[in-house]
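The values are calculated or read from the model by the stated rules, or taken from the named source; none is laboratory data. Computed from a predicted model, the values in this text were never measured in an experiment. Counting neighbours? That spans all protein chains shown, and the Cβs are built from the backbone with ideal geometry, glycine included. Quick note on the areas: whole protein, heavy atoms, side chains included, nothing else; ligands and nucleic acids left out. Shrake-Rupley method; radii C 1.70, N 1.55, O 1.52, S 1.80 Å.
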Amino acid sequence: MTRILCTLEDLDQTEAKEIVFDDKGERVSIFVVKYEGAIRGYVNSCPHARLPLNWRDDQFFDVTGLYLLCANHSAYFDIQTGQCVRGPCKGKSLTAYPVAVEGPNVTASS
Ligand code: FES
């Protein structure tokens, strides 16, 4: 089954979007980011304390826009790999969530 997560237009303002959905009775929280023209998805769970990264809606980037940021304890993550490059979980990685672009939509298969 293909699930529409959001539209590309949804990413225009913040370049990122949190998406929460039910998958077979389980709550799933992910986020999708647009960076250098590519779309990536990650599970919204920091490897440090397994908390959501964002403290505001759809805010996942640091002030430079070059890293993903966990707002809880300031862990910085490489946008392309999800690896923590600075902070309490340095060396660990976000869990990638496979997404695809289909026409105007960002989708995932489940
Ligand atoms: S929960 Fe993300 S840095 Fe602590």
Legend entry - Sum of side-chain charges, residue 89 neighbourhood, beta-carbon under 14 Å (Lys, Arg +1; Asp, Glu -1): +3
Legend entry - Nearest-20 debye value, the stretch 2-109 charge dipole, Cβ charges on Lys, Arg, Asp, Glu: 520 debye
Inset, instruction - Find which of 83, 2, 64 sits farthest along the positive direction of the dipole of the chain, computed with +1 on the beta-carbon of Lys and Arg, -1 on that of Asp and Glu, about the Cα centre. - result: 83
Inset, instruction - In debye, nearest 20, what is the charge dipole magnitude of the stretch 1-58 about its Cα centre with +1 on Lys and Arg Cβ and -1 on Asp and Glu Cβ, if you could check? - result: 280 debye
Inset, instruction - Would you kindly find the accessible area of residue 76, with a 1.4 Å probe and non-protein molecules such as ligands, DNA and RNA excluded, rounding to the nearest 10 Å²? - result: 40 Å²
Legend entry - Dipole axis of the chain (+1 Lys, Arg; -1 Asp, Glu on Cβ), positive-most option in 52, 41, 31: 52
Inset, instruction - Return the whole-Å distance between the Cα centroid of the stretch 87-109 and the Cα centroid of the stretch 49-81. - result: 13 Å
Inset, instruction - Any chance you could run the full-extension gain for residue 27 through residue 81? It's 0.36 nm times the residue separation minus the Cα-Cα distance, nm to one decimal. - result: 17.0 nm
Legend entry - Charge context of residue 58, other residues only, Cβ under 10 angstrom, K/R +1, D/E -1: -2
Inset, instruction - Taking all pairs of distinct Cα atoms, average 1/r, flip it, and tell me the Kirkwood hydrodynamic radius of the stretch 2-109 in Å to one decimal place. - result: 13.8 Å
